[in-house]
Amino acid sequence: MRHIYLDNNATTHLHPEVLEAMLPYLGEIYGNASSIHWFGQEARRAIDLARERVADFLGGSTDEIVFTSGGTEADNQALIGIADLIGKPGSRIITTTVEHQAVLNSCRHLESKGFRVTYVPVDGLGRIDLQAFADSIDDDVILASVMLANNEVGTIQPIREAAQIARSKGILFHTDAVQAAGRIPLDVRELGVDLLSLSAHKLHGPKGCGALFVRSAIPRPVLVHGGHHERRMRAGTENVPAIVGFGQACQLAGSRIEEHSRLTASLRNRLEKGILDRLSHVRVNGCREHRLANTLNVSFEGVDGQMLAMNLDLMGIAVSTGSACQSDAMEPSYVLSAMGCSEGVATSCIRFSLGIDNTVEEVDLVLDALTNLMEGLRH
Ligand SMILES: *Cc1c(COP(=O)(O)O)cnc(C)c1O
């Protein structure tokens, strides 16, 4: 069976160039980067180069990049690490209702430790209200965390404006840029953020590797304690092959952002138009004006999203509901619920997330499959 992958917001394939860059470090160059001998120093040099590439990719400097085990750990380090460092009992953190679980559950953890968290709501398109964000910041607030682009609907937040507000109020600002990286241009200075999370596997790098940008002027958050690795900000013997792959993936992603967004936008728009033209009672979720070019979230009224995704999978088409499925029936997407969508809309959605290697032919096959399936499922 032919397989069509439209789930690039869950993960992306490892680019062949990235694999090639990693291979020596899975083989002959196996030293511990902390060792003084040749084996160790070769590994150290590779990490240094990867750090330069990641720093270039996001416009920071190398001493501001901490390698982590992925986006989840980077988010945990930003929130829990900063709360540990500068929080007092009763300190408050501001975030939004549509963040990834890595941020939301770090906040829940902090709430259990006596911190307070304010969840700023979003509008029907998934965007935060900057005035509500500004109004939520008082003297108890130490940190705000707002994602750059949402993983379920692709909505892009006004991060530059939010970071500016945070700065004017004297609080730290973190953004989860895991979905945005490689899809829209990233520049930490231009955005004005203090902390930013990345994940390698969302931009054609390996799984289990990511980074936290920590602006040099701010306190240094620590989550994993131990040896003196990563300038004491993240202990543990470095995952050299993954870090090398991540560096290569950032270099590649940086060089083809425009191409990526142009190609995925044209395919995504073809898919979107095809669905709207061919099917009735469908609704596109998210913000058309401020949206990742590769992401399309659609609700198919009266159809269970999980059921639709499973049926598409039987036809070789990989998509996601964008929401965790706890049982056979689909749980409503918390992101769509937070956007004010009805339960019907929030349980009937499918997320199509395209990649640079998808083709027009694949999109047309998906449209035919959807049209056929919907006829059956709606009767
Ligand atoms: C995937 C994702 C994460 C988690 O990254 P991992 O490297 O898989 O731990 C965090 N935030 C967002 C927005 C994501 O899409």
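The values are calculated or read from the model by the stated rules, or taken from the named source; none is laboratory data. Note that this is a predicted model, so its numbers are computed, not measured. Cβ placement follows ideal geometry from the backbone for every residue including glycine, while neighbour counts extend to all protein chains displayed.
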How many residues are of a type in the set (D, E, K, R) and either under 13 Å from GLY59 (Cβ atoms) or within 16 Å of the ligand (Cβ to nearest atom) (or both) when one looks only at the stretch 165-200? 5
Return a yes/no flag: does the stretch 226-237 have any residue that is under 19 Å from the mean Cα position of the chain (by Cα), surrounded by fewer than 13 Cβ atoms within 10 Å (Cβ to Cβ) and over 20 Å from ASN372 (Cα atoms). no
Does the stretch 4-17 include one or more residues that are part of a helix (DSSP H, G or I), closer than 21 Å to LEU186 by Cβ and not small (Gly, Ala, Ser)? yes
In the stretch 195-212, residues that are in contact with a Leu (Cβ under 9 Å, 6 or more places away or on another chain) and crowded, with 24+ Cβ neighbours inside 10 Å total 10
Restricting attention to the stretch 18-51, the residues that are in contact with a helix residue (DSSP H, G or I) (Cβ under 6 Å, 6 or more places away or on another chain) and assigned to a loop (DSSP other than H, G, I, E, B) number exactly 4
Among the residues of the stretch 234-246, is there at least one that is over 20 Å from GLY31 (Cβ atoms) and either modelled with pLDDT under 95 or within 16 Å of the ligand (Cβ to nearest atom) (or both)? no
Tell me, yes or no, whether the stretch 329-340 has at least one residue that is surrounded by fewer than 21 Cβ atoms within 10 Å (Cβ to Cβ), outside any helix (DSSP H, G or I), at pLDDT 95 or above and not assigned by TED's automatic domain parsing to the domain that holds VAL153. yes
Quick one: in the stretch 58-80, which of the residues that are in contact (Cβ under 8 Å) with a residue 60 or more places away in the chain, more than 16 Å from the ligand (Cβ to nearest atom) and assigned to a helix (DSSP H, G or I) is nearest to GLU258 (Cα to Cα)? GLU64
It is to be established whether one or more residues within the stretch 244-267 are of a type outside the set (Asp, Glu), surrounded by fewer than 17 Cβ atoms within 10 Å (Cβ to Cβ) and more than 22 Å from the chain's Cα centre (by Cα). no
Tally of residues being touching a residue at least 60 places away in the same chain (Cβ under 8 Å) and surrounded by fewer than 18 Cβ atoms within 10 Å (Cβ to Cβ) across the stretch 291-306: 1
Does the stretch 116-134 contain at least one residue that is of a type in the set (Gly, Ala, Ser) and within 16 Å of the ligand (Cβ to nearest atom)? yes
When both residues are 6+ apart or on different chains and their Cβ atoms are under 8 Å apart, which pairs have a first residue that lies in the stretch 362-379 and is polar (S, T, N, Q), and a second that is assigned to a helix (DSSP H, G or I)? THR371/ARG278
For the stretch 122-133, enumerate the residues that are over 17 Å from ALA163 (Cα atoms) and of a type outside the set (A, V, I, L, M). ASP123, GLY124, GLY126
Top-ranked residue in the stretch 82-103 [being over 16 Å from PHE115 (Cβ atoms) and surrounded by 15 or more Cβ atoms within 10 Å (Cβ to Cβ); ranked as farthest from the ligand (Cβ to nearest atom)]: THR97
Only one of (1) touching a residue at least 40 places away in the same chain (Cβ under 8 Å); (2) of a type in the set (S, T, N, Q); (3) farther than 25 Å from THR321 by Cα is not met by THR97, so which one is it? (3)
Are any residues in the stretch 38-57 among the acidic types (Asp, Glu) and either touching a Pro at 6+ places or on another chain (Cβ under 9 Å) or without any contact (Cβ under 8 Å) to a residue 60 or more places away in the chain (or both), and if so, which ones? GLU42, ASP48
Could you check the stretch 6-19 and list, in sequence order, the residues that are in contact (Cβ under 8 Å) with a residue 12 or more places away in the chain and away from the ligand (no atom under 16 Å from the Cβ)? HIS15, GLU17, LEU19
